[in-house]
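Everything on this sheet refers to the single structure shown next.
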Amino acid sequence: MVRSPCNAHSGSFDPSTDAAGVYTYTLAALAPCLGDQSTVTVTVTSTPDAGTDGAITVCDAGAAVGLFAQLGGAPDAGGSWTDPLGNAHSGSFDPSTDAAGVYTYTLAALAPCLGDQSTVTVTVTSTPDAGTDGAITVCDAGAAVGLFAQLGGTPDAGGSWTDPLGNAHSGSFDPGTDAAGVYTYTLAALAPCLGDQSTVTVTLTSTPDAGVDGSITVCDAGAAVGLFAQLGGAPDAGGSWTDPLGNAHSGSFDPAADPAGVYTYTLAALAPCLGDQSTVTVTVTSTPDAGTDGAITVCDQGAAVGLFAQLGGTPDAGGSWTDPLGNAHSGSFDPSTDAAGVYTYTLAALAPCLGDQSTVTVTVTSTPDAGVDGAITCVTRARQWASSRSSAARPMPAAAGPIPGQCPQRFLRSEHRCGRCLHLHPSPHWRLASVIRAPSRSR
């Protein structure tokens, strides 16, 4: 019979229920022989417990992690670790140097027990990389710009964008609708790694506005004119001007010195915007020249006279005339019908120049009137008459006969021959007499 240290025992040791110790085997005495005993000392060894398998996900940028703590159950300490390739490992996983995979924990066998193993499967997640901050300047009239391409480094795709106010954004900046400012790119955290962010600062430049083309007509005798004010729209100041030949210009057109033509206003480009240009077309009109005032004296029986030729200087043709009463006139003075006076020559204004006037003062003189040729003889009691060829006194020949009519007493002083007639001139010594035809006389 077998006895446990104290109690009877079946002789079959069950390590799950029986205690370790000295078990005694006894044979009873068979008289006159004595009985006999022997013992079996039972030592129970514990089965190694490597715990249950575990798993862990670590961040590639994280700190080293102890693998023993990732085992389940109540694993016995003192085992050894091997990496996924079977190489010995410290049991401290460093994501910066160790590879992801299955790490094995082994407890050696303690005979007659078998050894034990468990594993920790390590997964390594990558830290999100949102790249480095970027910046871009865009033109307010430009096309939409992708913000992702403005990030530095090698950012991971798949993140999200927010605008300067924190609102969700597509990541495509449209200068026609989006505000300038800081746009944020975010990559969500993939545990245990942290998320990442980067930004793109967007600066918006205005497209230069040179306004719309303009034009102006100036007088050749006018003052200088600022060209900027002739542009349409709302042009930006600060540009530069060039004249029709492409030379730099002040932008103040002086008709006395500058040529007519197209003057160009240029606003330089402010990258990435393009520059802008507009033009002012300048037309110069000539001041009308009506010449200087003139004067003419004409005979009342003379021919018509052109008044334009009486003006001084170098008057422009094409004007109009008015007579002294302000009535329209042809400009040809006819003394038989036109009145003497001041005749005005007017050249109409060609805006913005003023018109011009000059005058011709016309004086009309009367033609002397000696009457119509005639022949009479006035007979009186005069005792002498003068010969046109001799100063000797002669008796006046007898009248050939009376001629109807009378001769005023103031006539009959001397005679002058005119054909066959006598023209007698006044004399206080003669009196009125019958008018008779004078007789013919030889020379």
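Every number in this text was worked out from the coordinates using simple rules, so none of it is lab data. Model, not experiment: these values are computed from the prediction. In this analysis, Cβ positions are derived from the backbone assuming ideal geometry, glycine residues included, and neighbour counts consider all displayed protein chains.
Based on alpha-carbon atoms, the Kirkwood radius and the radius of gyration of the stretch 275-374 give Rg/Rh equal to 1.29.
Annotation for the stretch 76-90 versus the stretch 201-261: alpha-carbon center distance of 85 Å.
For the stretch 197-309, the gyration tensor built on C-alpha atoms gives a prolate shape. Its axis ratio a/c (a ≥ b ≥ c) is at least 1.5, and a/b is the larger of a/b and b/c. With contacts taken as Cα pairs under 8 Å and at least 6 residues apart, the stretch 1-124 reaches a relative contact order of 24 percent. The ranking of Ser12, Ser278, Ser90, Ser336 by Cβ neighbour count inside 10 Å, starting from the fewest, reads Ser12, Ser336, Ser90, Ser278. Legend: ranking of residues Val182, Val372, Val218, Val305 from fewest to most surrounding C-beta atoms inside 10 Å; resulting order Val372, Val182, Val305, Val218.
Measuring between their Cα centroids, the stretch 135-176 and the stretch 265-279 lie 26 Å from each other.
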